[in-house]
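The values are calculated or read from the model by the stated rules, or taken from the named source; none is laboratory data. Source: prediction; values computed, not measured. Cβ placement follows ideal geometry from the backbone for every residue including glycine, while neighbour counts extend to all protein chains displayed. Heads up: the accessible areas ignore ligands, DNA and RNA and are worked out on the full protein's heavy atoms, side chains in. Shrake-Rupley method; radii C 1.70, N 1.55, O 1.52, S 1.80 Å.
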Amino acid sequence: MQSGKAWRRLVVTGVLGLAIALGGAACGEGDPDPTALSGSIEIDGSSTVAPISEAVAEEFEKVHDDVNVTVGVSGTGGGFKRFTAGETDISNASRPIGETEAESAAENGVEYIELTVALDGLAVMVHPQNEFVDCLTIAELNEIWKPESTVDSWDDVRAGFPSDPIRLYGPDTESGTFDYFTHVVNGGEGVSRSEYVAASDDNVLVRGIGGDRNSLGYFGYAYYAENSDTLKLVAIDGGNGCVMPSDETVADGSYAPLARPIFIYVDANKLRDRPELKAFVDFYLDHSPELVAEVGYTPLASYDEEKQQVARAYTGA
């Protein structure tokens, strides 16, 4: 029997195949010929955005089998280091590019466009057998995660919690998820206690939280959705009551403040010079509504603005 995710992938693949068969060969004036593409496209960066880019790459290569798309996962910061040096074509990012990173791009002659590809909620999780944590406030998260935190056991978080030790798991300092969480919870990017299990691979965090009865950790909601049988999701009170992350609460803004846009950055000079890259970016935006949802994120209501950015960058307008 196919799993739910596998079944959805079959449906999405079928829909994409039909769309391509009916009209995928058509292209606008000045666009690259989709029937004559070859080459390689290199993507690196955020582990949060990687599943979307991987899904797009898989479907794109079915149509253009002479184009090889690779997706690396070095974290948002690591991806920007390579991208701003001109080493990659696209950078996956779970936060906007920083001032120093933008300066590095300018120094290296890298012109770029920022494209929002999805909305994501940050999930806070505990071990599935944890029976006492159902909701935490932003203030409680701050007490746990701030640099000068004295929280060592659960009863340090809230009276009535057990005196068991608390063990923390989260993204490493190269992660855009780390930057966003620390900005929202602790008031500044990178402002965090250092005594926790840090990993660039969210799957490592899944295993850590799911295997530790005293765990508390965070990462992107989509990874929770893929592993909901081994993790317990915690609601967050941002000031208006306890709210669980979901497609609906992320899209309508009620899962505040732990919801955010996520991005890809595209090298605009390479976009103009390499037809396979232009075709891939067009494909990415055309099929994001299906593929973003298929891998567990929230699609934008419309991708028209992003498509207009690509068109302007391509023509130099």
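Worth pointing out:
- Sequence-separation-based contact order of the chain, relative, with Cα cut under 8 Å and 6+ spacing, percent: 25 percent
- Structure-derived Cα extents along the principal axes in Å: which label, when the choices are [x] 67, 52, 31; [y] 63, 48, 37; [z] 68, 42, 34: [x]
- Charging the Cβ of each Asp and Glu at -1 and of each Lys and Arg at +1, and nothing else, the dipole of region 28-164 about its Cα centre rounds to 260 debye.
- Relative contact order of region 80-204, defined on C-alpha pairs under 8 angstrom at six or more residues apart (%): 20 percent
- Spatially proximal lysines relative to Lys270 (Cα-Cα < 26 Å; intrachain offsets below 8 disregarded): Lys62, Lys81, Lys278, Lys307
- Per residue accessible area in Å² of region 178-273, where ligands, DNA and RNA are left out and the probe is 1.4 Å: 40 Å²
- Nearest-20 debye value, the chain charge dipole, Cβ charges on Lys, Arg, Asp, Glu: 400 debye
- Cα centroid separation, region 286-317 to region 226-253 (Å): 25 Å
- Candidates Thr100, Thr182, Thr150: whichever shows maximal mean-square fluctuation once the chain is modelled as a Gaussian network with Cα springs under 10 Å: Thr100
- For the chain, a Gaussian network of Cα nodes joined below 10 Å ranks Leu291, Leu141, Leu115 by mean-square fluctuation, and the top entry is Leu141.
- CD proxy at 222 nm, helix term only [per DSSP H run n ≥ 4: -39500 (n - 2.57); per residue of the chain; nearest 500]: -12000 deg cm²/dmol
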